[in-house]
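Step one of this worksheet: look at the structure below.
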Amino acid sequence: MNRHWKLPIGVLLILIGGLWTLQGLGYVGGSMMTRVVLWAVVGPVVALVGLLFVLRSRNPPD
């Protein structure tokens, strides 16, 4: 994947993962995902993958 795409995709994944976590924990309502434990678990995993994308975008290619 092109390095220039890793940063925006990583940031987007971090934001989505954070939203899913907050919905799963019940802090953000108005969705069928609210207070569903699955999203409280999946959200941090998605955010972590996003963080890895961001970190890999900063390193020079192998």
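The values are calculated or read from the model by the stated rules, or taken from the named source; none is laboratory data. Just so we're clear, the structure is a prediction, and the values are computed from it rather than from any experiment. Positions of Cβ are generated from backbone atoms using ideal geometry, with glycine treated the same way; all protein chains shown enter the neighbour counts.
In the set Val54, Val37, Val46, Val11, only one residue is at pLDDT below 95 and touching a helix residue (DSSP H, G or I) at 6+ places or on another chain (Cβ under 7 Å); that residue is Val54. Among the residues examined, Ser31 does not qualify as touching a helix residue (DSSP H, G or I) at 6+ places or on another chain (Cβ under 9 Å), among the hydroxyl-bearing types (Ser, Thr, Tyr) and surrounded by 15 or more Cβ atoms within 10 Å (Cβ to Cβ). Just a yes or no: is a residue in segment 36-49 outside any helix (DSSP H, G or I), free of Cβ contacts under 8 Å to residues at least 40 places away in the same chain and surrounded by 14 or more Cβ atoms within 10 Å (Cβ to Cβ)? Yes - at least one qualifying residue is present in segment 36-49.
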